[in-house]
Amino acid sequence: MQDLKKIPQIEKILKNPIFKNTNKTILKNITIEKINNLREKIKNKENYNLESIESEIMSEYNNITLGTLKPIINATGVVLQTNLGRSIFHKNLLDEVIPLLSHYNNLEYDLKEGKRGERYDHLTSMLKAMFNVESALVVNNNAAAVLLILNTFAKDLEVIVSRGELIEIGGSFRIQEVMKSAGAKLIEVGSTNKTHLKDYKNAINEHTKIIMKAHKSNFEILGFSSEVDIKEISKLCKEFDLIDYYDLGSGYIKGIECNEPSLLEICKNPPSLLSFSGDKLFGSIQAGIILGKKDLIDKLKQNHMLRALRVDKITILLLQATLKRYITENIDEIPTINMLRKDLESLHKKAKLLHSKIPSFFNPKIIEVNSLAGGGSLPNKEFKSFGITLQIDNIKALKLERILRENYIIARIFNNKVTLDVRSIQDDEIQNLINILESIKNMRIENE
Ligand SMILES: *Cc1c(COP(=O)(O)O)cnc(C)c1O
């Protein structure tokens, strides 16, 4: 415990000239935490280092004040990654919203009547016209959409879901858990691989309110399996005066060749309610988009929970900007879709360009790889692509992967080689990627 006395006084640390141009309140708070940690370490007889305490505080200060979100080069080929922020935006969309964010706007103001307006109206008319539905509502994310719908209509009532669709997405969204939070009772029917219409029908009783279908999103059941089409569920619900609700997850609109039924297709016979994420295959900002019958959407708007789930103007603006691209067929400006529909020829061209610039120090080689949609979308669809393997003599792939990651390049290890899939690398990132590789080349890397 003698060592505790070696800890310098906080005031003394703060006087160090390296802290000259810092915010003293923040600096002090960081220092107090550092000293407390140091005390803990000494008490627990762990290793500690007093020499570097000032520089540690300084680097923590820089981390905090410079912002911890960094631009990342996604070289994994997984286009939608929740860890990497899901969908990204084309610069044109951002330019379009800047004047609306740097000035006041009529978010909740009816310019004709000179009175309070509805923030949701800005999107409703666009969504209605696009999908030919009666009404629409947008909330914070799709999890919020599920919560709001279940809470509004099925609090203290029963919701029937197929056992094959009790999904978990990204470790934090589980149908069962959302059901509980919403106060609804989950009635599971069918088996993991097969659910029939009669399973739903047999479960209906006077407490039943909703039959919910959830898109399997991040997995597929192969072999002997069957699920009930949403159209069949809608018919059954009509017969028993229940709400048919489809949690679609990704909400694919158009632009990629895949087996996924598009929203436009589904909306030819729309269920009473459906919802999907704004930042998965839709390719926009985090949001939960709800489409459906006007009387039901009006009820959702009356739920006080909506106030806690409401979206900001920035969400409304970016969703509008994305919808405009779908309407005008300007899909090149929706990067998520654009990346997923790149043809092999252009990917090969990009791989060759990148390959020609990478220093030979890395032994770059072009190989064929498979990219993925990711983000719980199109789980089994492989998108053929090209990758570049990097290898440094005597350096393990795991080590190189880590160095790249610490320099904001996220790569995959494929057949024991660090691989950069060109599909998810943006054109304007190539020069930066090369610069980073040049600087890594100049580091003295040693194996551990
Ligand atoms: C992704 C997903 C969700 C959650 O959506 P978030 O927008 O991430 O909240 C819910 N249901 C399904 C079927 C999904 O795929």
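Observations on the model:
- The length gained by stretching the chain between residue 95 and residue 222 to full extension, at 0.36 nm per residue less their Cα-Cα distance, is 41.3 nm.
- Taking the chain as a Gaussian network of alpha-carbon nodes connected by springs under 10 Å, the highest mean-square fluctuation of the residues 296, 127, 38 belongs to 38.
- Modelled label positions at residue 163 and residue 443, each set 7 Å beyond Cα in the direction of Cβ, lie 5.0 nm from each other.
- Rounded to 5, percent antiparallel among DSSP beta bridges of segment 91-333: 40
- Length released on extending from residue 408 to residue 307, taking residue separation times 0.36 nm less the Cα-Cα span: 32.6 nm
- Sorted into 10 angstrom bins from 0, the C-alpha pair distances of segment 279-325 split as 22, 47, 30, 1 percent.
- Angle of helix 344-357 to the longest C-alpha principal axis of the chain, folded into 0 to 90 degrees and rounded to 10: 10°.
- Near-label residues of segment 167-208 by backbone N, under 18 Å of a point 7 Å along Cα→Cβ of residue 259: 193-195
- Of all DSSP beta bridges confined to segment 241-321, the antiparallel ones make up roughly 55%.
- Residue 238 versus residue 110: modelled label distance in nm, points set 7 Å from Cα along the beta carbon direction: 3.4
- One chain, two ends: residue 125 and residue 360. Fully extended at 0.36 nm per residue, the span grows by 79.1 nm beyond their Cα-Cα distance.
- For segment 91-333, alpha-carbon Rg relative to the globular expectation (2.2 N^0.38 Å, N residues): 1.03
- Of 305, 58, 339, the one that fluctuates the most in a GNM where the chain has Cα springs shorter than 10 Å: 58
- Cross-link pairs exceeding 32 Å in C-alpha to C-alpha distance, out of 91/294; 6/396; 185/254; 20/91; 268/324, comprise 91/294; 6/396; 185/254; 20/91.
- Prolate/oblate/rounded call for segment 53-202, Cα gyration tensor, a/c under 1.5 rounded: oblate
- Ranked by how many other Cβ atoms sit within 10 Å of their own Cβ, fewest first, the residues 215, 90, 207 fall in the order 207, 90, 215.
- Helix 24-43 vs. the chain, principal-axis angle (Cα, 0 to 90°, nearest 10): 80
- For the chain, built as a Gaussian network whose Cα springs stay under 10 Å, the top-fluctuating residue of 262, 217, 87: 262
- Mean residue ellipticity at 222 nm, helices only, the chain: -11500 deg cm²/dmol; runs of at least 4 DSSP H residues each add -39,500 (n - 2.57), and the sum is divided by the number of residues.
- Order of 371, 172 - criterion: other Cβ atoms within 10 Å of each residue's Cβ, fewest first: 172, 371
- Cα gyration tensor shape of segment 2-65, rounded if a/c is under 1.5, else prolate or oblate by comparing a/b with b/c: prolate
- Rounded if a/c under 1.5, otherwise prolate or oblate - segment 213-275, Cα gyration tensor axes: oblate
- Modelled label reach - residue 14, point 7 Å along Cα→Cβ, segment 59-88 residues with backbone N closer than 16 Å: 61
- Placing pseudo-labels 7 Å out from each Cα toward the beta carbon at residue 3 and residue 295 gives an inter-label distance of 7.2 nm.
- With respect to the chain, whose longest principal axis is taken over its alpha-carbon atoms, helix 53-66 is tilted by about 40°.
- Square roots of 5 times each gyration tensor eigenvalue, C-alpha, the chain, largest first, Å: 44, 30, 25
Read-outs: derived from the displayed coordinates by stated rules, not from any lab. Keep in mind it's a predicted model, so treat the numbers as computed, not measured. Counting neighbours? That spans all protein chains shown, and the Cβs are built from the backbone with ideal geometry, glycine included.
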